Amino acid sequence: MNNLQQNDLDMKLILDNIKQGDKQSYSVVIHRFQRKIYLYCYYLLKNQEEAEDATQDIFIKALDHINSFTYTNSLSSWLYKIAKNHCTDLIKKRNKEYESLKKYQVNKQQEQEHTYSEFIDECLDKLNLEERQILLLRSLEEYSYDEMAFIMGLKPATLRKKYERIHKKLIHEKKLGGKKHEESYRFGS
């Protein structure tokens, strides 16, 4: 049995314990997925405090609904589906109609050096909410199109096409913006 299979078996045992009322075992789930869920929320919500609160809420929701979890999908994709729905609801509440994009200041100095984090923010700001979700799940979290289909509620073929369009959109933006960040636009297919 390889490490991945052992980890899956360990997680299944932990989940079975949680479903039987052992809430203390849930700390293992939180420890394993908290950072990834937080980053996903942060990149969608664009706010550290909101992402922290959302991450907490997501784990509370997951615990409240742990008995509805089935092993047909991974625990990770189930948590991301909860995160996607929760963040989408928060963005709707902010009345931004699925978009939480920052406007750039036109007079920003061109010679200012951007950190990698700022560069990611710039790329994500060019995308709508659904495009950001697809890009993050595929490029950052490296989910398969089948796993993404479960999370997003779309067909894998539709997601593959949308991902290709996002890739082309960002490449087009790079060409318009010059070669400043040329090395950073290498996305996985």
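Rule-based calculations on the coordinates, nothing more; no lab input. As the structure is a computational prediction, the values presented were derived from the model and not from experiment. Glycine gets a Cβ as well: all are built from the backbone with ideal geometry, and neighbour counts include every protein chain shown.
Seen from LYS84, the other residues with C-beta closer than 14 Å to its C-beta sum to a net charge of 0, counting Lys and Arg as +1 and Asp and Glu as -1. Net length available on complete extension from GLN20 to LYS36 is 3.1 nm, with 0.36 nm assigned per residue and the Cα-Cα distance removed.
Applying 1/(1 + (r/R0)^6) with R0 = 25 Å to the Cβ-Cβ distance of GLU49 and LEU140 gives a FRET efficiency near 0.75.
Scoring 74-84, 163-173 by mean Cβ neighbours within 10 Å over their residues and listing the highest first yields 74-84, 163-173.
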